[in-house]
Structure formats: structure tokens, C-alpha cells
Amino acid sequence: QPLEFTLPPPIRLAGRLLTPDHLPVAGAIVHARALGWPDPGGDLDVRAFNRSHQTVTREDGTFDLDADLGNYDVISKPPVDSDYCWLVLPTIAVSSRTTHVGGAPNLVLPAPVPFRGTLRDANGNPAAGAEILAFGLITDRDGTPRTVPVGRAETDLDGIYELLITPEL
């Protein structure tokens, strides 16, 4: 006899991504990265099987996506040429009562902190076209430290890159 596994209906996560001047950010990727954590002390919990979801903001900065019950890191990635940093909301609990990401309809991007550098290979030559990823260290509710992605850049022909990092991390 096969077992039947039924997922609960998805929960609509919605919000609006704005610049520090409260202008809409169009074309940003909003990624809900599933953490796969069950509630402590519970039996096998459907929240341990949540899946990651992603969408793109509309012209007015609004977005919505369907999410499973569970815990997520919500990462908003403005377009590369926008000169804004990623907005990272770690450990967002999604329950049947959640409608807005982070509990508020508007998510405002902070003014970025630029971090510039030059990447060279072992011989001292510029490393062109290399991907640079930045991670921030956060502490979860239980006191456990972990890393979350906070930015991405690519080196130019001279190996130069600029990461725009949120000042909150």
C-alpha cells in the first residue's frame, strides 16, 4: 500500500522593494532560501521539508511568491547596475498567518557600503571575469552562528571588483 504525502497549501509572501528614497526597485530577484528546520521538540514536521522559491520584482517594486511553511533567509538582489546592495532578512518564519516578508509590506534597501579590491592569480596577474561572493556571519535564535550570502561581484579585465554590502551585517 503506497503512502500518501500531502503538502499544505502554499502561503503567499508579498512585499514591495524600495530604494532609500522610497522609489520602486524593478527587476530585483527575491529569493526565499529554505532552511529546512523543524520546530524544536516536535515530531516529524512538514517545515523541515520546505523548498526554496524565487521571483522578480515588477515595475512598481512589488513581488509575491508562494512559499511552504517553514523558515527562510529572504534575500533581495537588486539589478547589478542599480548601485544598491542586497537586502538580507535572515531566519524569516513563514506560517499560515504570514503575508508580508519580514512583517511589513515595504522593504527598503539600505545605502550600500562599497568594498573594492583587485583579485590577482598566483603569479600576480589580474584575474579577469572572476566571481566574488561575500558572506555575512549571523547568529540564529538558538545562538548558533552561520553564514548568509550578502553580495556578489565580478572582476573586470584588470581584476578590479566592487562589492556593495549592506551596513547591517
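The values are calculated or read from the model by the stated rules, or taken from the named source; none is laboratory data. Owing to the predicted nature of the structure, the values given are computational and were not obtained by experimental measurement. Note: ideal-geometry Cβ built from the backbone for every residue, glycine included; neighbour counts use all protein chains shown. Protein only, heavy atoms only, side chains kept; ligands, DNA and RNA dropped before computing areas. Shrake-Rupley method; radii C 1.70, N 1.55, O 1.52, S 1.80 Å.
Carbon-plus-sulfur fraction of the accessible area of segment 92-169, 1.4 Å probe, in percent?
Of the solvent-accessible surface of segment 92-169, carbon and sulfur hold 54 percent.
Please tell me the relative contact order of the chain in percent, rounded to the nearest whole number, where contacts are Cα pairs under 8 Å and at least six residues apart.
Relative CO of the chain lands at 21 percent.
With every protein chain left in place, what is the accessible area per residue of the chain in square angstrom, probe 1.4 Å?
The answer is 58 Å² per residue.
Can you tell which of Leu157, Leu137, Pro126 lies farthest toward the positive end of the dipole of segment 118-167, using +1 and -1 charges on the Cβ of basic and acidic side chains (Lys, Arg; Asp, Glu)?
Result: Leu137.
If you count only protein heavy atoms and use a 1.4 Å probe, how large is the accessible surface of Ile138, to the nearest 10 Å²?
Accessible area of Ile138: about 20 Å².
Tell me the label only: which of [x] 1.09; [y] 1.05; [z] 0.95 is Rg/Rh (Cα atoms, Kirkwood Rh) as calculated from this structure?
Matching entry in [x] 1.09; [y] 1.05; [z] 0.95: [y].
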